[in-house]
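Everything below concerns the one structure shown next.
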Amino acid sequence: MTQAEQPLAVELRGITKRFAGVVANDDVTFEARFGEVHALVGENGAGKSTLMSILAGLYRPDAGTIRVAGEVVTFRSPRDSIARGIGMVYQHFMLVEPFTVAENMLLGKEGQGTWLETAAIEREIDELGRRYGLAVDPRARIWQLSVGEQQRVEILRLLERGARILILDEPTAVLTPQESAGLIRTLRELAADGFSIIFISHKLDEVLAVADRVTVMRRGRVVASVEAAATTKHDLARLMVGRELASFVEHEGEAPREGTGPSPTTSAPVLELSGVGAMGDRGVPALTDVNLQVREGEILGIAGVAGNGQRELEQVVTGLRPVTTGTVRIAGRDVTNCSPAEISAAGVAHIPEDRLADGLIPSMDLTGNAILREYRRPPIARGPFLISQAIASFADRLLRDYDVKAPNRHVKVRTLSGGNQQKLLIGRELTGSPRLIVAVHPTRGVDVGATETIHAILRAQRARGAATLLISEDLDEILALSDRVAVLFGGRIVGDLPAAAATPDRLGLLMAGVTTQEAGAAVHD
Amino acid sequence: MTEASAVVRWRERMPLRVERTLEPSLTVRILVPIVSIILALLTGAILILVSGENPIAVYRAMARGAFGDRYGVAETLVKAIPLLLTGLGVAIAFRMQLWNIGAEGQLYLGAIFATGTALFLFPDWPAVPLITAMILAGLIGGAVWGLIPGVLRAWTGANETIVSLMLNYVAILFSEYLVHGPWKNPQGFGFPGTEQFPEAAWLPRYGTYRVHLGLVFGLVAAVVLWVILRRTRWGYELAVTGENPRAARYAGMRTRRNIILVMALSGALAGLAGMSEVAGVGHQLQRNLSPGYGYTAIIVAWLGRLHPAGIVLVSFLLAALLVGGDQLQMGMGLPAAVAPMLQGTILFFLLGGEVLTRWRLARR
């Protein structure tokens, strides 16, 4: 490689970082070149984010040296790191929601006069957007943008600040397959222009698609650093978890359905939406004439590009958003515009899109989170009072049954890893054997081991006879779990296919708004 | 050098920055208030020296005033009662992230309702039913005043901080109107105030001291509140709503109803404080019924960490500070400004210490 003669973009040597006795990074050495996409992979808690936060100036290492473009540097704050041309896109975006894209770009920008130079920045956004496939309306307000667009704003902001080394922390976790493909193109173009891209991910397919080199971390250490062309998904998975994973083998060409439980074509519909319409947050129709049925023992996958009505569909079914037209029935009962409590009481479990914002109380301990559904009912409650012993045994059982790894039930949920948070939430929601499970991105930001567990749990629920509405932007997940797949586009269901007919290509066309007729395929249903 | 890097280098020279600490340890939580008080006393000593007095003598006089004899302790308890009740009231609202700063007005409304009950509704009733009726009246008066910002917040989203603050002025001025106008004592020699209550309406006192039954109200309220917060479904709902309102909605909790109920309860406790002031201390409704108890309540609630036991402790300490300061003025003839100055210094250090247990200065 000719790049080897150029100074390394980033060179971390012997980095060690401890948090309250836990070693997050243990003598880590990491290199990234200019002109390459370098993937950093590992399970949750492997130390990837800590290492990158050190590079971004958020933490100071306890030991070790950092070189950027050949020079030894010490970062006292993210500002120092930015000044060296390093920029990081975090999983949780650092944008001011009520502000426009242009205003966010101006935030914290140095060397400005009295007046905000909005027009100039808007031109620059357009220019950079065109060049790198990061188009976004500079005058739109952040809250109006889809997650994918918000991410583009984050990247644009770094480019505008002159960053030459971009760190992206699980950037595709929040994206649709199409958006992911677009992001990968953008990253390749940036690398070709000489940028150094560090790409943190769990998703090995994408890693192999985008990266030139891959560094694997496990338990705070680097276990391997390899050329992407010289490795396989299977090798990487083994390096990440340190053991063989059955799911990766099964995954290849496996039929999604195991043939257990009641036959979905003949069983009773649990969820029925007819002619449902709803408004989005911006007061424009977000769902139009949606007709759906999910039967007992069936998983219906909802595919679609983010912002095509998935969130509104989730909220309409769980009672969090009013329906403007049509009806929602659960087990034959009309629950249109019933309250979330009534819908929950009708036997609906809800695994929400953003678990920390909606489904959990991060600042409360595990017991407080465990009883969020059960606190009204005996044995947890007796009259208006809560029974401590019942709470304790309920919480302990939940932690045991769903394999939630926590020191004890009194730690705050905030301190758990994403996978353990999600297992706690899912366990809580599945208590009481719900008829219908509304699961939205159930494995987002969750490590490989926990993803496997969660998928197994959802399959077991199907075998038990539960109906599942699975809304996910991870097409692999949808294909792995669903019996049928419906596609949302522009707030409408544009396709409803049995799993056998739902190939990634066909779904991709539907998700892009090409109807089944145009795609030259037979319309199902 | 570009302007940007100049700014960066300037920031690098700043030796300190503020960081959030992790959970403070128990030692830190106990040590910090003690050190804060010592530092406050040292700083206060400088202020006293500057005004030409002997700090040790002044401190001794303050301590003697607040704790030195039974009279002092009794006076401290008298002042602690309204602080305790109003402190508990605002704390339960704060738990739900409702910033009720209207305890002062709610206290006045409770006092007005209780006064109306004693003087005009049932002036001939015997003590037990009359005092019971006055307790209810006080609770209702405060609750009504708390409900107004509560209902507005729940149904229109109106900011409860501003509404509750403005209602303080309405309540205080309404009470002024009553004591200068329709409820004025005709035999009061022009003093603004109502007639004295019938003796049946007086809260029982302990011996010859001014400590009255209101102390029991406060302690019972603290226990009840602790049970609600720790042991009931409703208390759990309040905690969830306060920590993550979206999770409360997700779980189907009736947030609007809870906002209204909490504001009513918060106001009711302040109203009870007002009732116990008129029935236990003044035996009439008069001008300047409260020297700002409802505002001090906010400090009480925060220093007590919104925990009933903490609020009991802090209300007694702040009451001691008030009584000790009064003694200074009366006993030593110090200028009126010295006592509040010392009180302010002590509060400043206590709150500062409180901040530093959660945030720390770190070397850059």
Could you list, in sequence order, all residues of segment B:173-197 that are within 21 Å of B:Ile135 (Cα to Cα) and open to solvent by 40 Å² or more (accessible area, probe 1.4 Å)?
-> B:Phe174, B:Trp183, B:Glu195, B:Gln196
Among the residues of segment A:341-358, write down those that are more than 16 Å from A:Leu313 (Cα to Cα) and in contact with a strand residue (DSSP E or B) (Cβ under 7 Å, 6 or more places away or on another chain).
-> A:Ala346, A:Gly347
Within the group B:Val278, B:Val338, which residue is buried (at least 24 other Cβ atoms within 10 Å of the Cβ) and not basic (Lys, Arg)?
-> B:Val278
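To keep it simple, each residue is scored yes or no on (1) buried (at least 24 other Cβ atoms within 10 Å of the Cβ); (2) more than 14 Å from chain A (Cβ to nearest Cβ).
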{"residue": "B:Arg210", "(1), (2)": "no, yes"}
{"residue": "B:Ile228", "(1), (2)": "no, no"}
{"residue": "B:Arg246", "(1), (2)": "no, no"}
{"residue": "B:Leu269", "(1), (2)": "yes, yes"}
{"residue": "B:Ala273", "(1), (2)": "yes, yes"}
Is it true that some residue in segment B:140-153 is of a type in the set (Phe, Trp, Tyr) and in contact with a helix residue (DSSP H, G or I) (Cβ under 6 Å, 6 or more places away or on another chain)?
-> yes
Go through the residues of segment B:200-207 one by one and say whether even a single one is away from chain A (no Cβ under 14 Å), outside any loop (DSSP other than H, G, I, E, B) and surrounded by fewer than 20 Cβ atoms within 10 Å (Cβ to Cβ).
-> yes
Exactly one condition in (1) more than 23 Å from B:Ser290 (Cα to Cα); (2) at pLDDT 95 or above is not met by B:Arg60; state its number.
-> (2)
Could you tell me whether A:Val316 is open to solvent by less than 20 Å² (accessible area, probe 1.4 Å), in a helix (DSSP H, G or I), among the hydrophobic types (A, V, I, L, M, F, W, C) and in contact (Cβ under 8 Å) with a residue 40 or more places away in the chain?
-> yes
Working carefully through the options B:Ala45, B:Ala6, find the one that is small (Gly, Ala, Ser) and modelled with pLDDT of 85 or more.
-> B:Ala45
Segment A:328-382 - residue that is of a type in the set (Lys, Arg) and over 24 Å from B:Arg230 (Cα atoms) and, of those, most open to solvent (accessible area, probe 1.4 Å) = A:Arg333
Looking only at segment A:69-83, count how many residues are in a strand (DSSP E or B) and either in contact with a Leu (Cβ under 9 Å, 6 or more places away or on another chain) or open to solvent by 80 Å² or more (accessible area, probe 1.4 Å) (or both).
-> 2
For A:Gly326, state whether it is assigned to a loop (DSSP other than H, G, I, E, B), away from chain B (no Cβ under 11 Å) and among the small types (Gly, Ala, Ser).
-> no
Just one of A:Thr186, A:Thr172 is among the polar types (S, T, N, Q) and within 24 Å of A:Phe99 (Cβ to Cβ); which is it?
-> A:Thr186
Candidate set: segment A:299-313, residues that are out of contact with any helix residue (DSSP H, G or I) (no Cβ under 9 Å at 6 or more places or on another chain) and open to solvent by 10 Å² or more (accessible area, probe 1.4 Å); chosen: the one nearest to the other protein chains (Cβ to nearest Cβ) | A:Arg311
Meets criteria (of a type outside the set (A, V, I, L, M, F, W, C), open to solvent by 10 Å² or more (accessible area, probe 1.4 Å) and modelled with pLDDT under 90) for A:Glu206 = yes
Would you tally the residues in segment B:298-319 being open to solvent by 10 Å² or more (accessible area, probe 1.4 Å) and not aromatic (Phe, Trp, Tyr)?
-> 13
Taking segment A:33-55 as the region of interest, how many residues are more than 22 Å from the chain's Cα centre (by Cα) and either modelled with pLDDT under 90 or closer than 15 Å to A:Ser77 by Cα (or both)?
-> 2
Residue identified as surrounded by 17 or more Cβ atoms within 10 Å (Cβ to Cβ), on the phi > 0 side of the Ramachandran plot and either among the hydroxyl-bearing types (Ser, Thr, Tyr) or modelled with pLDDT under 90 (or both) among A:Gly432, A:Gly445, A:Gly508, A:Gly418 | A:Gly445
Conditions (1) under 25 Å from A:Gly194 (Cβ atoms); (2) small (Gly, Ala, Ser); (3) open to solvent by 10 Å² or more (accessible area, probe 1.4 Å): number failed by A:Ala63 | (1)
When you go through (1) open to solvent by 10 Å² or more (accessible area, probe 1.4 Å); (2) under 21 Å from the mean Cα position of the chain (by Cα); (3) among the hydrophobic types (A, V, I, L, M, F, W, C) one by one for B:Trp234, which number turns out not to apply?
-> (2)
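This table checks each residue for (1) part of a helix (DSSP H, G or I); (2) of a type in the set (Val, Ile, Thr).
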site: A:Arg13; (1), (2): no, no
site: A:Ala24; (1), (2): no, no
site: A:Val28; (1), (2): no, yes
site: A:Ala39; (1), (2): no, no
site: A:Glu43; (1), (2): no, no
site: A:Ser49; (1), (2): yes, no
site: A:Pro61; (1), (2): no, no
site: A:Arg67; (1), (2): no, no
Does segment A:191-213 contain at least one residue that is among the aromatic types (Phe, Trp, Tyr), under 20 Å from A:Met52 (Cβ atoms) and either within 15 Å of the chain's Cα centre (by Cα) or not assigned by TED's automatic domain parsing to the domain that holds A:Ile471 (or both)?
-> yes
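The values are calculated or read from the model by the stated rules, or taken from the named source; none is laboratory data. What you see is a predicted model; the values in this text were computed from it and never measured. Please note: Cβ atoms are built from the backbone with ideal geometry, for glycine as well, and neighbour counts cover all protein chains shown. For the accessible areas, the whole protein counts, side chains as well, though only heavy atoms, and no ligand, DNA or RNA atoms are used. Shrake-Rupley method; radii C 1.70, N 1.55, O 1.52, S 1.80 Å.
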